[in-house]
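Visitor: Let me give you the structure first, and then I'll get to my questions.
Throughout, read-outs are computed from the coordinates displayed, never taken from laboratory work. Keep in mind it's a predicted model, so treat the numbers as computed, not measured.
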Amino acid sequence: MLIAVALIELDIPDADSIKAKRRVVRSVKDRLRRKFNVSVAEVADHDDRHSVCIGCTMVGVDSRYIREGMEKALRYVDSLGFGELVADDIVVVRLDELEEADEAEIEVPTEWSND
């Protein structure tokens, strides 16, 4: 099994409050779920009203297919016009690679921690 993960960062200069930002986040997440059948969550910058960081995942057996799916999702978010796409990153890994990484006790960067 393959897992594709995309990190999408948007700058929303017109958001005048956290409430306005959350409306944008909810809309983007709902549209991605509906159109691409992916799992989506806001993963960082929760209290910054001008910055949105969304994580998106998809699983499958064909790496080219799921990578293209993630790239389409990124282009779609950019086309929505809610804000400027300032960063994006896509990674595709095999499940057994993650298990090996877990066994090796790889150090997780502090910015990835929820603590």
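Visitor: Starting at the first residue of region 48-59, write each ³J(HN,Hα) from the Karplus equation 6.51 cos²θ - 1.76 cosθ + 1.60 with θ = phi - 60°, in whole Hz, x for Gly and Pro.
Guide: So the Karplus estimates, Gly and Pro as x, are 9, 5, 9, 10, 10, 10, 10, x, 9, 10, 8, 10 Hz.
Visitor: Any idea what the relative contact order of region 2-106 is, in percent, if you count C-alpha pairs under 8 Å spaced at least 6 apart?
Guide: 43 percent
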